[in-house]
Amino acid sequence: MPRKKSFSLKTFTHKTFRRLERFVFLLKSLLTPRQFIYFSCVLVGISSALAVIILKTFAHWVYKSAQRLDDVFHLPYSNSTLPIIGIIITVIIVKKVLDGSIEKGTSQIMYAVAKKRGIMPRKQMFAQIITSSFTVGMGGSAGLESPITVTGAAFGSNYAQNYRLSYKDRTLLLACGVAAGIGAAFNAPIAGVLFAIEVVLAEISITAFIPIMISAATGALVSTVMLNENILFSFKKVQFFDYHNLPYYILLGVLSGLVSINYARTFRKIEHYFSGLKFNIINKALFGAGILGVLIFLFPSLFGEGYESIKTLADSNPEGLVQNTIFERFQESKWILLLFVGATMLIKVYATSLTLGAGGNGGNFAPSLFVGSYLGFCVAYFFNIVGFAKLPIGNFTLVGMAGILSGLFHAPLTA
């Protein structure tokens, strides 16, 4: 009986999608090409937003569950074991379900546009969601934004292929999926538009700009309606800009450039090291994830995307980062806290590299914001301690994120 029900559900789902497909083909025959593109960019935006909702909800649920375990049982090593389990599950899924390979990173989007006429594999519409959910959701030190953008791009590309659209329209809908993903992830449609233009599209026209804006706005609206506000990453406590602090902002900008260079070089070295290992995929996963578990045990804020710790720093509460850790007894010392935050900032690139090198799936978007926020905090906190100035912690945390994001992705407008 259960098997019959399962079969009936599968048949019903298949028939429903076939009917929707026929309806869209009918609309294509009735609408002008431009009208159909506007209709299509809304559908792509909704699809990308749903992917964001699934990813963000699962990651947030796992993070809160691990936090509750720590509060009840005071077992800091629980945060260290979850990422290991998540990465092992990811590599098994890749091997057994995804034919042993999965393309990671936003670079594959640019490659698809430049070399493959905007065509992306169909499996990318679900592969990124499944693998990054387990990797980042269970504490892997990476970001969900890269899988989100790849998923959105795959939705746009395959939608265009299915309805036999031209290369130009296929590339446009691919960019619409990227914009919708970023817009949904941060409730920031303008950032989604700028990211799609700066990172994905080499050139842009007014006719392409409008569909990208529609997709980004659609994604942001759907995620705002359906996602809990606590899951979305947002800033509330930002003070007015004081031009007297301009020299400190300039210093932060220079430091952001240097830290970005160090991050990029270190990431490439570790990535190259793991690609040369002769281990099988399970042993490689255990090796990399095991080291990651040790780092998370020492620096718990490396767990997952790290957005909760960014909010903690922005609220000028660094003491919250060392609670339930071996450094808890030093939380009254401002200098020890500053060193702890600075060390965490520098170690983040190793945690992210280990996560991805071991076989996990994620990206560098969230880590860049993590590193930037910690850098901005360190600069402001240092000058506040020594008494040179009274700098707004929240502002410097935000500006630091923009600096590192711009340095790593070469996307100053998005930042």
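Listing for the model above:
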{"read-out": "Mean Cβ neighbour count within 10 Å, used as a protection proxy, ranking 182-189, 381-388, 103-110 highest first", "value": "182-189, 103-110, 381-388"}
{"read-out": "Whole-Hz ³J(HN,Hα) from phi, Karplus 6.51 cos²θ - 1.76 cosθ + 1.60, for segment 121-130, glycine and proline x", "value": "x, 4, 5, 5, 6, 10, 4, 5, 4, 5"}
{"read-out": "Interchain or long-range residues, amide H under 5 Å from N187's placed H", "value": "none"}
{"read-out": "Gap separating the Cα centres of segment 20-66 and segment 138-190, nearest whole Å", "value": "10"}
{"read-out": "Pairwise label distance in nanometres, I326 with L246, each label 7 Å out on the Cα-Cβ vector", "value": "4.7"}
{"read-out": "Helical contribution to [θ] at 222 nm, DSSP H n ≥ 4, -39,500 (n - 2.57), averaged over the chain, rounded to 500", "value": "-24500 deg cm²/dmol"}
{"read-out": "Principal-axis tilt of helix 145-162 within the chain, Cα atoms, nearest 10 degrees", "value": "10"}
{"read-out": "Lysine pair number, Cα distance threshold 26 Å (strictly under), segment 261-415, separation 8 or more or different chains", "value": "10"}
{"read-out": "Per-residue HN-Hα couplings for segment 19-34 [Karplus 6.51, -1.76, 1.60; θ = phi - 60°; Hz; x = Gly/Pro]", "value": "5, 4, 5, 5, 5, 5, 4, 5, 4, 4, 6, 8, 8, 6, x, 5"}
{"read-out": "Vicinal HN-Hα couplings computed from phi for segment 163-175 (Karplus, 6.51 cos²θ - 1.76 cosθ + 1.60; Hz; Gly/Pro x)", "value": "9, 6, 8, 6, 4, 4, 5, 5, 5, 5, 5, 4, 5"}
{"read-out": "Ranked by how many other beta carbons lie within 10 Å on average, peptides 174-181, 116-123, 310-317, 87-94 from highest", "value": "174-181, 87-94, 310-317, 116-123"}
{"read-out": "For peptides 36-49, 319-332, sequence by mean Cβ density within 10 Å, most packed first", "value": "36-49, 319-332"}
{"read-out": "Rounded to 10°, Cα long-axis angle of helix 206-226 versus longest principal axis of the chain", "value": "70"}
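Only the coordinates and a few stated rules stand behind these numbers; no lab work does. The shown structure was predicted, so the numbers you read here are calculated from the model rather than taken from an experiment. So basically every Cβ, Gly included, is an ideal-geometry build from the backbone, and we count neighbours across all protein chains shown.
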